[in-house]
Amino acid sequence: MSDRRRGPAEKPNLGEPATPRPSASVVLLRRGERHRQRGLEVLLLRRSERAKFMPGVWVFPGGGVDPDDGEGEPGHRACAVRELSEEAGIELGEHDELVLFSRWITPEVVSRRFDAWFFLALAPAHSPPRPDGVETTEGGWFGPGAALESAEAGELTLSFPTLNQLKALVPFASAEEVLEEFRDRAVEPILPKVIGDLVNHRVVLPGDPDYPAD
């Protein structure tokens with residue numbers, strides 16, 4: 001939401017843009033079986049109010065790529081699995097599938113920037129989220145449409161990339177449909193840009209008529 005409290009790492013940067021830090025997240029999808037009647041659900045975690053970046057915002061589990069994770073796409077995948085374990089207490093095995101879903105780069109006007117890779121994965125059976133109490137304080141399963149409605153009502157605070165990814169999931173009835181749709185789809189990085197001034201501004205995406213040319 002545009003009126004949420006910003007963390008110190010989100011202050012405007014009017015100078016040379018910072019280099020985005022590689023990061024990765026898991027868009028964890030609930031399996032069917034006894035939950036099938038609820039439709040597709042995804043895991044969201046609430047960031048600590050003490051966080052320097054997006055305090056109190058509901059996000060997909062994720063964080064920065066560490067040197068021990070490796071480089072390139074394998075490093076991003078390792079990071080996504082590690083962050084899911086650390087922030088939500090949910091473990092993925094080495095043979096669990098991760099499907100690259102999207103890639104979002106923080107706008108240039110934000111002081112701390114990330115080049116975030118988002119991977120789809122199926123949740124293991126019987127895996128309720130267990131927030132670590134440090135980086136994340138709450139967790140839950142949400143239908144994509146229900147999460148968007150809660151955000152519209154002011155009940156959840158969601159980031160711009162999270163909102164857009166939830167919208168992309170709304171048409172699907174099951175995790176299997178999502179994975180089938182995105183398994184072989186090419187993913188291009190998305191760099192939102194902020195146009196306007198400090199008082200009146202909005203975010204535009206590549207392909208929008210008023211997206212600034214390089």
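General remarks:
- Test: residue in segment 125-133 that is at pLDDT below 95, small (Gly, Ala, Ser) and within 15 Å of Leu29 (Cα to Cα): yes
- Counted as qualifying within segment 1-119 are the strands (runs of 3 or more DSSP E) with 3 or more residues that are touching a Pro at 6+ places or on another chain (Cβ under 8 Å), surrounded by 17 or more Cβ atoms within 10 Å (Cβ to Cβ) and modelled with pLDDT of 95 or more, namely 21-29, 42-47, 99-105.
- Filter result (out of contact with any His (no Cβ under 8 Å at 6 or more places or on another chain), outside any loop (DSSP other than H, G, I, E, B) and surrounded by 12 or more Cβ atoms within 10 Å (Cβ to Cβ)) within segment 180-200: Glu180, Glu181, Phe182, Ile190, Lys193
- Number of positions in segment 166-192 that are closer than 25 Å to Tyr211 by Cβ and either aliphatic (A, V, I, L, M) or touching a Ser or Thr at 6+ places or on another chain (Cβ under 6 Å) (or both): 8
- The residue that is modelled with the lowest pLDDT, among those in segment 185-201 that are more than 19 Å from Phe119 (Cα to Cα) and within 20 Å of the chain's Cα centre (by Cα), is Val194.
- From the options Glu138, Glu176, residue that is outside any loop (DSSP other than H, G, I, E, B) and either touching a strand residue (DSSP E or B) at 6+ places or on another chain (Cβ under 7 Å) or surrounded by 15 or more Cβ atoms within 10 Å (Cβ to Cβ) (or both): Glu138
- Close pairs (6 angstrom Cβ cut-off, 6 or more residues apart or separate chains): among the charged types (D, E, K, R) in segment 1-22, at pLDDT 60 or above anywhere: Arg4/Thr157; Glu10/Val110; Lys11/Ser111; Arg21/Gly64; Arg21/Phe114
The values are calculated or read from the model by the stated rules, or taken from the named source; none is laboratory data. Here the structure is a predicted model, which means the values were calculated and not measured. When we count neighbours, we look across all protein chains shown, and the Cβ atoms used for this are built from the backbone with ideal geometry, even at glycine.
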